[in-house]
Every structure is written in C-alpha cells, then in structure tokens.
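What follows draws every value from the coordinates through simple rules; no lab data is involved. Since we're looking at a predicted model, the values are computed, not measured. Don't worry about glycine lacking a Cβ; one is built from the backbone with ideal geometry, like all the others, and counts go over all protein chains shown.
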Amino acid sequence: MTGEWEKEWPTKPGWYWLWELTSFGKAAGQKPSMHLVQVRHDMRHTPVYVGSGRFLYKEDTEIAIAYWKPARLPKPPEVV
C-alpha cells in the first residue's frame, strides 16, 4: 500500500482505516462511514479483518464501496 486510499484489501498485518458503504446503506441514501480495522493472519496465513466489533470478509456482498488506508497509531504510554 502506498499510504493513499486504495480499493485493494490489505494483506499485511496492521491497522488500517476502512471507508465503506454497505449495499443497504447505499440503497437507503446513507453516507459512507470510516472504521479502524485490524488485519491479522489466521493459522493458514490468510488475512482476517476485525473492526467495529465484527469480522469483515472480502467476499461480503454487503460492502458496496470499500477504500483502505494504513492507520498511524500513536505510541502507547510507558507504564512505570
């Protein structure tokens, strides 16, 4: 990923912003929403997408529009 918004689903583990609109939302005239999503690998090294309390699937026909961008998270505070 280049750091800009891309349509390709990320495969590298890490945190990403997802700008999405579901098919239902599109039909209802809703606006897209942004979510912070974590990409992990399962036992078979297949990417797993977890965000907003749910699993996301590439094959999900519910997602009409999806753009991805790597997220820059702040360094956590040091615990004394």
>> Output needed: percent of Cα pairs per 10 Å distance bin for the chain, bins running from 0 to the one holding the longest distance.
In response: 17, 47, 27, 8, 2, 0
> Which one of Pro70, His45, His35 has its Cα pushed farthest toward the positive end of the charge dipole of the stretch 30-80, where Lys and Arg give +1 and Asp and Glu give -1 at the Cβ?
Replying inline: Pro70
> Could you name the lysines in cross-link range of Lys69, using Cα to Cα under 17 Å and dropping any fewer than eight places away on the same chain?
Replying inline: Lys7, Lys12, Lys58
>> What distance in nm lies between label points placed 7 Å from Cα along the C-beta direction at His45 and Glu8?
In response: 1.8
